[in-house]
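K.L.:
Here it is, the structure, as structure tokens.
The values are calculated or read from the model by the stated rules, or taken from the named source; none is laboratory data. For clarity, every value in this text was computed on a predicted model and none was experimentally measured. Don't worry about glycine lacking a Cβ; one is built from the backbone with ideal geometry, like all the others, and counts go over all protein chains shown.
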Ligand SMILES: [Fe+2]
Ligand SMILES: [Fe+2]
């Protein structure tokens, strides 16, 4: 099933933009590590730390929670066939908390222990990246199209009202708010092309 991009309600637009932001940060982290290898210098650990903090603070605490607590229950209520899919995606959200802690620990170990722990951090980042890219793909190819198929106008109105506040500092271009230092620290390393909500 494919998502109908011509009929995107604000809820799905926000979730798709947040997927792009998450993927862009993961790619930004990998690019920093690649560049440091190419020039034979240590990577910019402060920026990597800010990026891992972002992953924990927004995708983990806000994005997945909005899906698990707001969107998925509405899909479940309208479609019995969604049960296995949403159980699986919800279980991955729960695993995400452990996955980000493993990544944080691996980065800390790299900072404290130096090059002997670099490869372990790179592997942890690759695992985390693969895990989320596949999770987001399944949401975009199965869960979101199903939502478009089964949710009523009233469901969407309620969701849109709950989703109306964009809190992700990357997407909100938070240059002056409480997350301005975080935004400044990572924005230059993150490319956010083709946002669903742009325009
Ligand atoms: Fe998710
Ligand atoms: Fe998602």
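K.L.:
Residue pairs, Cβ under 6 Å, 6 or more apart or interchain, first in the range 1-30 and over 20 Å from residue 186 (Cβ atoms) and modelled with pLDDT of 90 or more, second within 11 Å of ligand 2 (Cβ to nearest atom) and in a helix (DSSP H, G or I). List them.
P.N.:
If the second residue must be within 11 Å of ligand 2 (Cβ to nearest atom) and in a helix (DSSP H, G or I), the pairs left are 12/144.
K.L.:
Just to check your reading of the model, which residue among 107, 159 is crowded, with 18+ Cβ neighbours inside 10 Å, modelled with pLDDT of 95 or more, part of a helix (DSSP H, G or I) and away from ligand 2 (no atom under 15 Å from the Cβ)?
P.N.:
It is 107.
K.L.:
Could you check, for the range 84-97, whether at least one of its residues is surrounded by 16 or more Cβ atoms within 10 Å (Cβ to Cβ) and more than 16 Å from ligand 2 (Cβ to nearest atom)?
P.N.:
no
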